[in-house]
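I have placed the structure first, in the form of structure tokens, so that the comments after it can refer back to it.
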Amino acid sequence: MPNQIRDLLKVDTTSFPYIFEQNVTVPLKAANGLVRCNVYRPKDSDQNKYPVLVTYGPYGKDIPYADFQSKSYSEVNPEHHGPHAAWETPEPTFWTKNGYVIVRVDERGLGQSPGVLDTMSRGTSEAFFDVVEWCSEQSWSSGKVGLLGISYYAGSQWRVAARKPKGLSAIIPWEGMSDYYRDRCRHGGILSNDFIKWWWNRQVITCQYGRPGRAAGNWGPDTLEGDLSPEELKASRRDQNIDNLNNQFRDQEYYASKEYSMEDIDIPLLSVANWGGILLHLRGNVQGFTHAASKFKYLRFITGRHDLPFYYTEEVEIQRSFLDAFLKGEDRAGWSRLGEVPPVDMVLRKGDVGYNNAEAERSYKRRTEMSWPIARTVYQKFYLHSSKTLSAAYPQESSLSKLSYDALGTIQDPKFIQFTTPPFGGETEITGHITAHLHVSVSMDPSGPVPKDIDLFATLRHISPTGTEIFYTGTAGDPVPLTKGWLRVSMRKVNTTHRKHRDYLPHRDYFSTDALPVIPGEAYGVDVEIWPTNVVVEKGGRIVFEVSSGDTQGSGLFTHTDPIDRSEEKFKGKNNIHFGEGYLNYVTLPIIPPEAGRNAGLPGE
């Protein structure tokens with residue numbers, strides 16, 4: 001780095017109900033560099049040792065929550081307001097009062113940490129490893145370290161836990177994707193560009209080390225060692241927008257360097273998944289829980305917005321109870337005694353309570369289960385019919401036919417077909433993983449290019465007994481449907497021999513060697529992974545399965561619009577779903593019977 005490194009440490013022992021150390025230097029072993037952190041510790045931590053909760057991320061450790069997201073902060077539980085409250089991280093006043101040290105680290109290349117900005121990279125995880133071990137060795141540390149945070153501060157937990165740093169004793173990845181390629185960057189192989197662009201421009205590059213004008217923009221303090229020139233800033237970062245566009249497959253170095261084995265995670269974990277997080281984190285929380293090798297692992301489902309539930313009084317008590325058990329040896333609930341706490345704790349979404357209404361969502365009941373997927377799940381096929389119906393009745397298509405829609409639909413001009421069930425004959429719970437099996441083809445426009453691929457966008461919607469669609473709370477408080485799924489048809493190859501492959505969850509490697517041709521007029525049978533969901537359909541309610549060629553309602557910030565990744569040259573034409581002999585199309589829904597073996601009142605039987 002062009003700047004001369006200086007000692008920036010400041011210590012305040014009197015202004016707050018905790019000792020505040022700002023810009024503490026943490027040396028990095030792997031990269032021969034350093035990162036800087038803020039340490040918030042109990043007043044008596046010079047005499048007593050405490051467990052440590054660490055966050056490591058890009059959003060600027062010194063930016064007050066009220067500046068980073070003012071509206072969100074105004075709605076956060078007031079118990080977690082404080083002079084050093086920060087976006088998506090534990091609030092120091094509360095946690096130091098309850099016997100923890102909080103360490104908040106500026107990721108390398110961000111805030112006050114020099115180095116190359118390379119978010120979610122191998123180097124980032126290696127630096128985080130060093131930070132965890134450093135925390136375990138400090139004089140005020142009990143030697144036990146936990147990880148607690150939302151989103152970025154959760155997704156990074158999976159990757160560092162798999163590296164097994166000394167001292168790491170428990171993690172709570174709260175809404176944190178675990179698979180960089182499948183969960184975040186390339187849904188079904190399709191580039192999810194718009195969120196990455198928004199996130200990068202608003203929340204990451206604005207915090208880059210050396211960026212001028214941060215203080216003037218009320219975005220934390222300026223870089224204390226001095227600003228960098230535009231040329232120096234550009235040379236000191238890897239832009240996710242560029243890298244994700246230029247890399248399409250998991251066997252390319254860009255994606256391969258970020259891989260790790262979930263089976264290497266063996267410490268206690270509480271994975272918290274949001275049913276409404278259908279475009280970023282939900283899948284990763286479920287998969288992380290499923291495949292971690294931890295003896296003590298728990299999956300908790302919540303609803304509500306992305307930012308607020310982390311601070312609800314009841315949810316914080318869950319966090320504290322879990323961490324106390326594994327970091328302090330104070331197990332009030334039985335987390336550390338196998339079998340005392342059911343491994344799955346879920347919210348049941350029944351009825352229309354509206355969306356972005358936390359109080360109304362409290363009417364949802366909770367239920368515990370001993371396994372995921374739920375052991376008594378019945379995987380029921382609902383068949384697509386050319387009449388645009390969806391039912392458990394086997395199709396009786398007398399002739400070959402197809403339904404067509406334009407390719408390259410957009411959120412502003414969606415192109416789709418919907419298949420609707422008859423009214424359900426009784427209350428029916430759908431909880432778990434969903435797969436759609438479709439026979440699809442592409443046709444050329446009379447004067448257009450020769451299409452070479454098909455992008456499939458699938459959505460599951462819930463219609464109330466009164467005929468109105470029921471929406472749920474999405475990441476930003478926006479109305480979302482039950483769930484979504486995607487597939488780029490050239491990436492249709494499924495690896496049925498992979499250890500993660502299941503009949504209800506097809507596994508794709510997304511390797512460059514897996515890419516298959518798509519020829520106009522040729523019908524291809526494909527299995528589309530749709531993200532897990534939960535709903536209790538009331539008697540008279542219906543389910544809609546929607547197939548589209550682009551983003552439709554409920555996509556929010558997470559749209560797929562890159563003109564290179566989804567070019568007219570490659571995709572323009574008519575997309576078709578085929579029916580008749582040899583073309584069986586269906587959606588497999590995970591039905592949870594009210595009693596083992598008893599029918600739940602399916603439609604169309």
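The values are calculated or read from the model by the stated rules, or taken from the named source; none is laboratory data. Everything numeric here is computed off the predicted structure, so don't read it as measured data. Don't worry about glycine lacking a Cβ; one is built from the backbone with ideal geometry, like all the others, and counts go over all protein chains shown.
Residue-by-condition table, conditions (1) touching a strand residue (DSSP E or B) at 6+ places or on another chain (Cβ under 6 Å); (2) hydroxyl-bearing (S, T, Y); (3) within 30 Å of F296 (Cβ to Cβ); (4) outside the structural domain of D527 (by TED's automatic domain parsing):
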site: V353; (1), (2), (3), (4): no, no, no, yes
site: A358; (1), (2), (3), (4): no, no, yes, yes
site: E361; (1), (2), (3), (4): no, no, yes, yes
site: E369; (1), (2), (3), (4): yes, no, yes, yes
site: Y383; (1), (2), (3), (4): yes, yes, no, no
site: S386; (1), (2), (3), (4): yes, yes, no, no
site: Q396; (1), (2), (3), (4): no, no, no, no
site: L408; (1), (2), (3), (4): no, no, no, no
Search result, residues across the stretch 170-181 that are out of contact with any strand residue (DSSP E or B) (no Cβ under 6 Å at 6 or more places or on another chain) and either surrounded by fewer than 24 Cβ atoms within 10 Å (Cβ to Cβ) or among the aromatic types (F, W, Y) (or both): D179, Y180, Y181
Looking at the stretch 562-581, is at least one residue within 30 Å of K197 (Cβ to Cβ) and in contact with a Lys or Arg (Cβ under 7 Å, 6 or more places away or on another chain)? yes
Could you list, in sequence order, all residues of the stretch 474-493 that are assigned to a loop (DSSP other than H, G, I, E, B), more than 24 Å from K539 (Cβ to Cβ) and not hydrophobic (A, V, I, L, M, F, W, C)? G474, T475, G477, D478, R492, K493
Only unsatisfied item for S387, checking (1) closer than 30 Å to T473 by Cα; (2) out of contact with any Phe, Trp or Tyr (no Cβ under 6 Å at 6 or more places or on another chain); (3) not in a strand (DSSP E or B), is (1)
Of the conditions (1) over 30 Å from N48 (Cβ atoms); (2) in a helix (DSSP H, G or I); (3) not acidic (D, E), Y355 clears all except one; give me its number. (2)
Take the stretch 229-271 and flag every residue that is of a type in the set (A, V, I, L, M, F, W, C) and surrounded by fewer than 14 Cβ atoms within 10 Å (Cβ to Cβ). A235, I242
Please name all residue pairs, on different chains or six or more residues apart, with Cβ atoms under 6 Å, provided the first residue is in the stretch 418-435 and is in the same structural domain as G485 (by TED's automatic domain parsing) and in contact (Cβ under 8 Å) with a residue 24 or more places away in the chain and the second residue is assigned to a strand (DSSP E or B) and among the basic types (K, R). T420/R542; T421/R542; P423/R542
If we keep only residues of the stretch 442-472 that are touching an Asp or Glu at 6+ places or on another chain (Cβ under 6 Å) and among the hydroxyl-bearing types (S, T, Y), then the residue farthest from L279 (Cα to Cα) is S464
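Looking at this structure, is S125 at pLDDT 95 or above, in contact with a helix residue (DSSP H, G or I) (Cβ under 7 Å, 6 or more places away or on another chain) and either part of a loop (DSSP other than H, G, I, E, B) or in the same structural domain as G33 (by TED's automatic domain parsing) (or both)?
Taking the combined requirement at face value, the residue satisfies it.
Find the residue count for the stretch 182-199, including only residues that are part of a helix (DSSP H, G or I) and surrounded by fewer than 24 Cβ atoms within 10 Å (Cβ to Cβ). Please lay out each step first, then the result.
First, the residues of the stretch 182-199 that are part of a helix (DSSP H, G or I): 182-185, 193-199.
Among the residues that remain, those that are also surrounded by fewer than 24 Cβ atoms within 10 Å (Cβ to Cβ) are: 182, 193-199.
Of the residues in the stretch 182-199, 8 are part of a helix (DSSP H, G or I) and surrounded by fewer than 24 Cβ atoms within 10 Å (Cβ to Cβ).
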Check the stretch 214-229 and report whether any residue there is part of a loop (DSSP other than H, G, I, E, B), of a type outside the set (A, V, I, L, M) and touching a strand residue (DSSP E or B) at 6+ places or on another chain (Cβ under 7 Å). no
For residues in the stretch 385-422 being among the aliphatic types (A, V, I, L, M) and more than 31 Å from the chain's Cα centre (by Cα), which is surrounded by the fewest Cβ atoms within 10 Å (Cβ to Cβ)? L400
